[in-house]
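Below: the structure, in structure tokens.
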């Protein structure tokens, strides 16, 4: 085992160019670490996994460098590869934790879960015999995923059934779409949401653009909110979709001259003439910041929302073993104006928790191609700031899964108001709609009657709410109810579509679209 540890740890040195003296020091450090792990393994009061100790020591070492150099253990490496390739092996369900319940949000059509009849609202109480009560949705996802062709056993608790359902499901390859949603938000404005940057992102984006163009799209809202990044190459390719040939997209600079490079747009006749507004928030990081910076600094479109995360470091993945790798920061990247967006990370709390910003006078100042002032060292700043935060009552109801569960009840006609409606799947009469019934169609919107029906449901289920805070959050609550009703009665895409139509950030993007059109005319 000691030989295995020494070999594994020594693999790190293969990727470092070290002077002779430093190399000797490194080898001595490796020997010391290996000896320490062996000593712990031999003398600790209970059995330990030496590989886990080795992994932990490497993780601790990387934490001394920067927040974005990290160790990819077998579990994390597999997840990264799945995200990059845009597919994984599993059951094909979206899950979410509601207090202690692991709830199925939706099965994906055509997947093993869908074919077996798993449905929204089902609670997965056990995975391979282990309770899901105290595990996170992330850990549950890891348990449900696995090698293609292998089985996973789950226990389903479904409302209305006396006994749980015991299911044994064979994992299959499931597509993991990078660009999951695209629809028309007005007669001529399209909306596309990009979840992350993977191997297929630009290809998926082009498919969505062609789909929207056939529906009459002439302007675009591109949503990067919550997009935590992905592949550098795809961010360059997506930027190229909007910029004319020769325009600078991004540059990178590192200690090794190999990483000193400038990337330019290489193609014309794509989507250079479509007015563009990009949406960002504090969860927008890395790859989408490259695209946003390229669009901003070339005065190609407008940015709406709030300051992005501010990650301007480039990682290169070095394989260490068949099931482990090292993502090491090898360069910084700079937007076309020459500014670095990387925030200060000397204090963990300031970087991750409190988001302390440098004063404006201490930040880099550059200018876009059209002469607009931009600041560095603080992410991408929007042209128009729109900050949206849920009110406390909405957060509480979301956490408890109240909206989702009410949507299921409404669909199943288990609330007084729901019984007044005819749902799309119930249309089977010549008299339409039947006397005294209301058709639930795309014109449905939450009103005072729906709010009263929802309150009645909360009381029946003994879900606490504060009347004053409920009234304060009324508009948010209406939006959440509409989202869940459309999602339950139609599908997730339709719920997303309905929700975005009243999204304050999207509404602001629609408002400023004429200004984005003027940027195109100046070219």
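The values are calculated or read from the model by the stated rules, or taken from the named source; none is laboratory data. Just so it is clear, the structure is predicted and the values come from calculations on it, not from any experiment. Backbone-built Cβ (ideal geometry, glycine too); neighbour counts: all protein chains shown.
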Checklist entry - What is the residue count in region 125-151 for residues that are touching a strand residue (DSSP E or B) at 6+ places or on another chain (Cβ under 6 Å) and not in a loop (DSSP other than H, G, I, E, B)? => result 8
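Residue-wise test of (1) in a loop (DSSP other than H, G, I, E, B); (2) surrounded by fewer than 24 Cβ atoms within 10 Å (Cβ to Cβ); (3) in contact (Cβ under 8 Å) with a residue 60 or more places away in the chain; (4) in contact with a strand residue (DSSP E or B) (Cβ under 7 Å, 6 or more places away or on another chain).
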residue: 299; (1), (2), (3), (4): yes, yes, yes, no
residue: 314; (1), (2), (3), (4): no, yes, yes, yes
residue: 319; (1), (2), (3), (4): no, yes, no, yes
residue: 336; (1), (2), (3), (4): yes, no, yes, yes
Next on the checklist: Regarding region 257-280, can at least one residue be identified that is at pLDDT below 90, closer than 28 Å to residue 512 by Cα, out of contact with any strand residue (DSSP E or B) (no Cβ under 8 Å at 6 or more places or on another chain) and assigned by TED's automatic domain parsing to the domain that holds residue 203?
Outcome noted: yes
Checklist outcome for this item: Checked against (1) surrounded by 19 or more Cβ atoms within 10 Å (Cβ to Cβ); (2) within 30 Å of residue 328 (Cα to Cα); (3) touching a helix residue (DSSP H, G or I) at 6+ places or on another chain (Cβ under 9 Å), residue 106 satisfies every condition except (2)
Checklist entry - Given the structure, is residue 457 in the same structural domain as residue 411 (by TED's automatic domain parsing), under 22 Å from the mean Cα position of the chain (by Cα) and touching a residue at least 12 places away in the same chain (Cβ under 8 Å)? => result no
Checklist outcome for this item: Counting only residues that are surrounded by fewer than 19 Cβ atoms within 10 Å (Cβ to Cβ), more than 22 Å from the chain's Cα centre (by Cα) and at pLDDT below 95, region 476-517 contains a total of 1
Checklist outcome for this item: Conditions (1) assigned to a loop (DSSP other than H, G, I, E, B); (2) within 23 Å of the chain's Cα centre (by Cα) -> residue 326 fails only (1)
Item to check | Criterion (under 18 Å from residue 441 (Cβ atoms) and either in contact (Cβ under 8 Å) with a residue 24 or more places away in the chain or not assigned by TED's automatic domain parsing to the domain that holds residue 222 (or both)) met by exactly one of 472, 476, 480, 484 | outcome: 484
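Test residue 163 against the stated conditions and say whether it is surrounded by fewer than 17 Cβ atoms within 10 Å (Cβ to Cβ), out of contact with any helix residue (DSSP H, G or I) (no Cβ under 7 Å at 6 or more places or on another chain) and either in the same structural domain as residue 380 (by TED's automatic domain parsing) or part of a strand (DSSP E or B) (or both).
Working: surrounded by fewer than 17 Cβ atoms within 10 Å (Cβ to Cβ): yes; out of contact with any helix residue (DSSP H, G or I) (no Cβ under 7 Å at 6 or more places or on another chain): yes; either in the same structural domain as residue 380 (by TED's automatic domain parsing) or part of a strand (DSSP E or B) (or both): no.
No: the conditions fail for residue 163.
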Next on the checklist: Name the residue that is farthest from residue 317 (Cα to Cα), counting only residues in region 198-224 that are crowded, with 19+ Cβ neighbours inside 10 Å and modelled with pLDDT under 95.
Outcome noted: 200
